Amino acid sequence: MIAQSALIVSTVALVAALVPVRASSWVAGLGLAVPPLLYADALVLIRIDRHLPAVAALLMNAHADENRQLLEATGIDLRALALFLVGIAAGVGAGVWFDRKLGDRSSDRTRPARRRLLCLAAVSLLATGALEAESPHAVSSAAWARFARSVPQLLEAAGPTRRALASIRVALRPPLAAPETSRRMDAVVTPGDPPPGDVFFFVLESLRADAVSPATTPAMWRVGDDGLRVDAAVSGGNVTQYGWYALFASRPALYWPPSPDDTGGAIALRIARARGWRIEVLTANDLSYMRLDETIFGASRALADAWFDAGRDPVSPAERDDRVVRELSARAAQPHPPAVFVVALDATHLPYTWASSFTPPFVPYAGPRHYIHVQTEASERVAVANRYRDAVAYDDSLVARFVAGLRDRGAYDDATIVLVGDHGEEFWEHGLVSHGSEPCGIQTHVPLVIKPSRALRAESDWSSPKPLASGMDVWPTLLDAAGVRGDLGALLMGSSLLRGPTSAAPSANQRYWYRPGRFVIDDGRRKVELELRNPDDPFEMQEMDVLGFRDAEDAPTDAGLTASAYVSLLRERFGPSLDRFLVVQW
Ligand SMILES: [Zn+2]
């Protein structure tokens, strides 16, 4: 990190040497301030999926409560933040002062300033070289690439522009207006009989596709044996809000966030209530993050009949998961009307935690502060991945306890259990760690298990595994199995997995704080990466760039074609999938 900062300082100094002397003092001052800013940005990003400018925007919006939560989530205390800001101001001030002080002694105001800055650049480049030679932890090209890609909002603009293979004109299909939504919901037919048992809908943080396996998660794996598994389940995107949005709103994350007028919450949950289910939320996450709670459960969380929130309890995520699953078991054991229990578990999010009573099975594992270091050695990386698998195994032990309770009461067969991740998690498969940085399969594929109750199982095709599913398909599948009929296709963009293969799934890349612009369409075997040029106005007709075709492992395919051939390929492979949510001028 020091060497990376030195590189930045030397670059800034070189630039400063070429600008007029008056401006150079300011550029030199900024040069001292930029590296700590970039460093802080990288730290904040890996902790809470947000870049520093987003944090700054929040701090300025005067929502004191949200600001306090945000600061708590970063783990930065107020004194450290104040010191950091003073440090930056001091850095800028010192650069300006030194430059002016030394400049005053010279009779010629231009040449010495430039010579001085060139010296500074040369010294810091030498220092970089020395660090590089001294330690493998200094600037390796892989570490630099990772760092550069973890701060895309600052460095992407300075880097080379990615050349599109082709572009076509598109617009996002506008969502139905509220009166039209109500009219179509009224036309949906729900059976008059009581709803078929409880639905336990578990959303696990950062659960990558291969995390659910007989070795790591025996309990979840056994639930999968009794239900439907999916070979390739594609999340709504590579961050929490996109994953949850696709799962519950049954729409691509390109629609996130919904318009402020859209206060009714997720249509699928509104239909589930019409079917007769209560909706109870038990969460170890703070679901007010990115306003997920109101986006999914409506204004004032009106769709939720009960809300158990451990998301702000001052204990580790693992302890919060434990509290949530204990509460879930208690509620499930009490006599109650049929309910959908939405359960959010958090221990599997970075930094990956488990309760002190749990013996982590995968060793050696990294310490809890692994995320503030750069791991370059293979053994260090294995230790971080082991820590993640240990956290997954811990959450599996909670699921095991819960399922054992259902079995003891004879309630297992009448329970529907959904296990799904909100997005994946990368361990350097493509050079990066964690999630939210690239729409690769490792960050966007998740496990998906749906174990139907006896009543839901009847007369439907639950053959398993299904080759492909989108997070958007989960609720259409549950509602279909529960006998809900009518034109659901107009209300939900996913489709029932019980009615045949799903079409290729969209999955969006984080564009912090704003609507996503870059996304992939993924059919499990191959994908295409696309980008809207004006994602902030997605309903306006605009250019969409075709960035590349990839195979299942994200290796580029189909090199060397003409632009029109790429458009034909796009239409041939993914046309029907795109047409579901885009108006395309082919
Ligand atoms: Zn997440």
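Are there helices (runs of 4 or more DSSP H) fully within region 401-500 with at least 2 residues that are out of contact with any strand residue (DSSP E or B) (no Cβ under 6 Å at 6 or more places or on another chain), more than 16 Å from the ligand (Cβ to nearest atom) and not polar (S, T, N, Q)? List them.
Helices (runs of 4 or more DSSP H) meeting the threshold: 454-457, 474-481.
Quick one: which residue in Asp309, Asp321 is within 27 Å of the chain's Cα centre (by Cα), buried (at least 23 other Cβ atoms within 10 Å of the Cβ), under 30 Å from Pro360 (Cα atoms) and modelled with pLDDT of 95 or more?
So the residue among Asp309, Asp321 that is within 27 Å of the chain's Cα centre (by Cα), buried (at least 23 other Cβ atoms within 10 Å of the Cβ), under 30 Å from Pro360 (Cα atoms) and modelled with pLDDT of 95 or more is Asp321.
Considering only residues that are hydrophobic (A, V, I, L, M, F, W, C) and within 15 Å of the ligand (Cβ to nearest atom), which ones fall in region 343-380?
Passing the criteria: Val343, Ala344, Leu345, Ala347, Leu350.
Against the conditions (1) hydrophobic (A, V, I, L, M, F, W, C); (2) touching a residue at least 12 places away in the same chain (Cβ under 8 Å); (3) more than 30 Å from Pro257 (Cβ to Cβ), where does Phe581 fall short? Just the number, please.
For Phe581, the failing item is (3).
Which of the residues belonging to region 306-360 are more than 24 Å from Ala272 (Cβ to Cβ), assigned to a helix (DSSP H, G or I) and not acidic (Asp, Glu)?
Pro317, Ala318, Arg320, Arg323, Arg326
Say we look at region 541-586 and pick out the residues that are closer than 28 Å to Ala469 by Cβ and among the β-branched types (Val, Ile, Thr); which of these is surrounded by the fewest Cβ atoms within 10 Å (Cβ to Cβ)?
Thr557
Where in region 240-301 are there helices (runs of 4 or more DSSP H), lying wholly inside it, with at least 2 residues that are aliphatic (A, V, I, L, M), under 23 Å from Leu578 (Cα atoms) and at pLDDT 95 or above?
240-249, 267-274
Within region 204-256, count every residue that is free of Cβ contacts under 8 Å to residues at least 60 places away in the same chain and within 14 Å of the ligand (Cβ to nearest atom).
Number satisfying all stated conditions: 2.
The values are calculated or read from the model by the stated rules, or taken from the named source; none is laboratory data. What you see is a predicted model; the values in this text were computed from it and never measured. Note: ideal-geometry Cβ built from the backbone for every residue, glycine included; neighbour counts use all protein chains shown.
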